[in-house]
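Quick note: the coordinates plus some simple rules give every number you see, no bench work behind them. If you're wondering where the values come from, they're calculated on a predicted model, not measured in any experiment. Every residue, glycine as well, gets a Cβ built from its backbone with ideal geometry; the counts of neighbours run over all protein chains shown.
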Amino acid sequence: MFGPLVIKPSKSKGDKTGSWRVKLKPKFLQKNCIACKMCVLICPEGCIQGKEKNTYINNEDYCKGCGLCAQVCPKADIVMIEEGAEGEKK
Amino acid sequence: MKEFLEGSRAVAEIIKLCKPGVISAYPITPQTHIVEELAQMVADGELNAQFVNVESEHSAASVVLGAVATGVRVFTATSSQGLFYMGEVLYNISGLRLPLVMTCANRAVSSPINIWNDQQDSVSLRDSGWIQLYAENIQEAVDLHLVGYRLSEDKSIMLPVMVCMDGFILTHGMETVDIPQQEEVDKFLPGYQPLYKLDPAQPLTMGLLADPDYYLETRFAIQETFKDVLKMIPKINEEFKNHFGRDYKDGLVEEYFTRDAEKVIVAMGSVCGTIKEVVDAQRAKGKKVGLLKIISYRPFPYTRVYDVLKDVPRVAVLDKAVSPGAYAPLAIEVKATFFGKKKSPKVVSSFVAGLGGRDITLESVKEIFGKLTQKEVSSEFIDLKPELLKEEYGQ
């Protein structure tokens, strides 16, 4: 019997490291977004995607909740909320 | 072919016949002759292997880990402090499920520094995920290396094997040994066929981070595989008998006059030879004594030990190692064998002897049989010198 040890290439895409996220996660309000893409550029995980205004969203499978996107958004359209508390602002 | 050989030389001969591609080792008494012989064979062109000189055992183990990961059979050897120096790599090798055979020339551990034989070194690594097989004599040491490669490289096992032979006693002792022919070895042990290997043509990663979502299963898998090892060892020994004629039965334990015994000593390694002498002498006088030799310490053959000892009234376990603050390492396994079972010996007494190479004589063994009374003793040291003990430092 063997455990998960020897890994073929690109297998790590399957490892959802979002489980490392601790307390906070970003909530993309998608209200005043101007599609400046600052959040996309600053995300260390590269897990924010979007095209037109108000379409930007993070991928919770990988998001670590570091809060850089919320800090950099010029329209304050991203807020950090507590894990499991949908709709509540910090 | 039978030759009168030094133990280390005999091991080198069998390793040569197993055709490793890479050998890396750092010298440490009493393993030195093994690797010196192998280095000589490589230098003389007798063995087509790469001998990698390194500055430490940690590097030696790392070299063989890397080499076997690329799909080539490897070998290394060490003792005592060297075993500990490569300690973290050993857990890596078993964790990575890579096959390897390593000789541990059992030696006492520092401090104080002691180069003579006891089993503290390998026993201290009992949780490393390595299969541990203990040799009574040089012939067994030779045969266990050959069995070791077969066992280790089996695609359902893929776990490293530590062949433990008592330092000086077996490494520097001399015996008539039957070293097999290359053709017969090749039939028993084909070339290493890796399940997975590092290869730029087919890239893969070994030794990744495994977070809490993944790690548990790797340890469960090793635990389950050790159950398979218990079944595989007898199979391989059956094949070994057919190829080479020597019958180690199940290869897990050896029963010596245990069937109707009233007192049995359980032990591992070369001391079993001494115990057999005492058993023979006492049986000649009509005393019903016996020996249960443990060959496979990891995995521990609980079922076999239970079968052999369940009707024996008194059992003595002779340890050549200690687990300070707890039951001795072999004694605890023997005791655990009977817990919750219907039958068990009335007494399982634990004795410690031979640490730091203090000779276990025929008298020492007789003393153990003598001290195996209805009163159970725990970690009783044999041949202790009380005059060397001080209550306070400087007294």
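Counting other C-beta atoms within 10 Å, and keeping those with at most 10, which DSSP coil trypsin sites (Lys or Arg not before Pro) do you find in segment B:82-168?
Those that pass, being in a loop and sparsely packed, are B:Lys155.
Testing the spin-label approximation: label points 7 Å from Cα along Cα→Cβ at A:Glu82 and B:Asp260. State their distance in nm.
Between A:Glu82 and B:Asp260, the simple spin-label model gives 7.8 nm.
By a straight-distance test (C-alpha under 16 Å), which lysines pair with A:Lys16 as possible cross-link partners, with residues fewer than eight away in the same chain excluded?
By straight Cα distance, A:Lys16 reaches A:Lys25, A:Lys64.
For B:Glu238 and B:Asp186, compute 0.36 nm times the residue count separating them, minus their Cα-Cα distance, and round to one decimal in nm.
Between B:Glu238 and B:Asp186, full extension yields 17.0 nm more.
Hey, what did chain A get for relative contact order, percent, Cα under 8 Å, at least 6 apart? Display every interim value, and only then the final one.
Details: 141 pairs, mean separation 31.0, N = 90.
That works out to 34 percent.
Along the charge dipole of segment B:2-244, pointing to its positive end and built from +1/-1 on Cβ of Lys, Arg, Asp and Glu, which listed residue (B:Val163, B:Leu198, B:Thr78) has its Cα farthest out?
Most positive-ward Cα: B:Leu198.
Could you tell me which GluC sites (Glu not before Pro) in segment B:1-58 are loop residues by DSSP with no more than 16 other beta carbons within 10 angstrom of their beta carbon?
Details: sites: B:Glu3, B:Glu6, B:Glu13, B:Glu36, B:Glu37, B:Glu46, B:Glu55, B:Glu57; in loops: B:Glu46, B:Glu55.
Here the sparse-neighbourhood loop sites are B:Glu46, B:Glu55.
To the nearest 20 Debye, how big is the dipole of segment B:2-244 about its Cα centre, given +1 on the beta carbon of each Lys and Arg and -1 on that of each Asp and Glu? Please report the intermediate quantities before stating the final value.
Details: 17 positive and 32 negative charges, 88 e Å.
That gives a dipole near 420 debye.
Any idea how far apart B:Leu384 and B:Val54 come out in nm if each label point goes 7 Å out from Cα toward Cβ?
Here the modelled spin labels are 4.0 nm apart.
For each of B:Met102, A:Met1, B:Met232, B:Met1, count neighbouring Cβ atoms within 10 Å of the residue's Cβ, then give the residues from fewest to most. Don't jump to the answer; show the numbers that get you there.
Numbers: B:Met102 28, A:Met1 15, B:Met232 19, B:Met1 8.
Fewest-to-most Cβ neighbours within 10 Å comes out as B:Met1, A:Met1, B:Met232, B:Met102.
May I ask you to derive the FRET efficiency for B:Lys227 and B:Glu36 from their Cβ-Cβ distance with R0 = 51 Å, giving the value to the nearest 0.05?
Plugging the Cβ-Cβ distance into 1/(1 + (r/R0)^6) gives 0.85.
Only Cα pairs within less than 10 Å get springs; with that Gaussian network setup on chain B, which residue of B:Gly269, B:Gly370, B:Gly354 has the largest fluctuation?
Looking only at B:Gly269, B:Gly370, B:Gly354, the largest GNM fluctuation is found for B:Gly370.
Compare B:Ile34, B:Ile295, B:Ile332 in a GNM of chain B, Cα atoms joined below 10 Å, and give the one with the largest fluctuation.
Its mean-square fluctuation being the largest, the pick is B:Ile332.
Could you work out the relative contact order of chain B? I mean the mean sequence separation of Cα pairs under 8 Å and 6+ apart, divided by the number of residues, in percent.
Values: 813 pairs, mean separation 59.2, N = 395.
Averaging sequence separation for qualifying contacts and normalising by length gives 15 percent for chain B.
By counting other Cβ atoms within 10 Å of each Cβ, how are B:Asp280, B:Asp143, B:Asp127 ranked from fewest to most?
Details: B:Asp280 12, B:Asp143 24, B:Asp127 9.
The order, fewest Cβ neighbours first, is B:Asp127, B:Asp280, B:Asp143.
Which value in deg cm²/dmol, rounded to the nearest 500, describes the helix-derived mean residue ellipticity at 222 nm for chain B, given -39,500 (n - 2.57) per DSSP H run of n ≥ 4 and division by the residue count?
My calculation for chain B gives -12000 deg cm²/dmol from helical runs alone.
Just to be sure I understand: of the beta bridges DSSP finds with both ends in chain B, what percent are antiparallel, rounded to 5?
Details: 11 of 48 bridges.
DSSP beta bridges in chain B are roughly 25 percent antiparallel.
Return the distance in nm (one decimal) between the two label points of a simple spin-label model at B:Leu208 and A:Gln30, each offset 7 Å from Cα along Cα→Cβ.
Reported label-point gap for B:Leu208 and A:Gln30 is 3.1 nm.
Quick one: B:Trp130, A:Trp20, B:Trp116, fewest Cβ neighbours within 10 Å first, how do they rank?
A:Trp20, B:Trp116, B:Trp130
For each cysteine in chain A, check whether another cysteine's C-beta sits under 4.7 Å from its C-beta; list those where none does.
Result for chain A is A:Cys33, A:Cys36, A:Cys43, A:Cys47, A:Cys63, A:Cys66, A:Cys73, no neighbouring Cys Cβ within the cutoff.
What is the antiparallel percent of DSSP beta bridges lying wholly in the protein assembly as shown, to the nearest 5? Don't skip to the answer; put the middle values down first.
On the way: 20 of 57 bridges.
Here the share of antiparallel DSSP bridges comes out near 35 percent.
Pairs to check: B:Lys241/B:Lys320; B:Lys231/B:Lys263; B:Lys288/B:Lys346; B:Lys287/B:Lys310; B:Lys342/B:Lys375. Give those whose C-alpha atoms are more than 23 Å from each other in this structure.
With Cα atoms farther than 23 Å apart: B:Lys241/B:Lys320; B:Lys231/B:Lys263.
Would you mind telling me which residue in B:Asp319, B:Asp166, B:Asp260 has the biggest mean-square fluctuation in a Gaussian network model of chain B, where springs connect alpha carbons within a distance under 10 angstrom?
B:Asp260
Let me know the shape class of segment B:37-153, please: from the alpha-carbon gyration tensor, a ≥ b ≥ c as square roots of the eigenvalues, rounded when a/c is under 1.5, otherwise prolate if a/b is greater than b/c, or oblate.
Numbers: a/c = 1.32, a/b = 1.25, b/c = 1.05.
It comes out rounded by the Cα gyration axes.
Could you list the GluC sites (Glu not before Pro) in segment B:300-395 that lie in coil according to DSSP, counting only those with at most 10 other Cβ atoms within 10 Å of their Cβ?
Those that pass, being in a loop and sparsely packed, are B:Glu391, B:Glu392.
Does segment B:2-244 come out rounded, prolate or oblate, given a ≥ b ≥ c as the square roots of the eigenvalues of its C-alpha gyration tensor, rounded meaning a/c under 1.5 and, failing that, prolate meaning a/b above b/c?
rounded
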